[in-house]
Amino acid sequence: MQSILMKIIFTTHAEFRLQRRGILKEEVIYIINFPDIVLKKHGKYFFQKKLHGGTIEVVTEKDENFLYVITLYWI
């Protein structure tokens, strides 16, 4: 998959989850640009990547101009 060239916006909820889960924004951007798996369901995109001995899933929505990071978690 080619890298995402649109601007990435982190919601307040996603910012909170970053802090709670000890994940860096740079890591989320890396996951979005170089995922192991991308799923699309219910109009959302789910980016998955093995990182730090586990798998992180980043849930996003997009429009013409922006990719919104909604939440992220370890799976």
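Before moving on, here are some points about what is shown:
- Of the labelled figures (i) 12.7; (ii) 13.8; (iii) 12.2, only one reflects Kirkwood radius over Cα pairs in Å as derived from the coordinates, namely (iii).
- Debye, to nearest 20: dipole size of the chain, +1 on Lys, Arg Cβ, -1 on Asp, Glu Cβ: 180
- With each label modelled as a point 7 angstrom along the Cα→C-beta vector, the residue 26-residue 52 pair spans 1.4 nm.
Each value in this text was obtained by applying a stated rule to the coordinates, not by laboratory testing. All figures in this text were calculated on a predicted structure; none of them were measured in a lab. We place every Cβ from the backbone using ideal geometry, glycine too, and count neighbours over all the protein chains shown.
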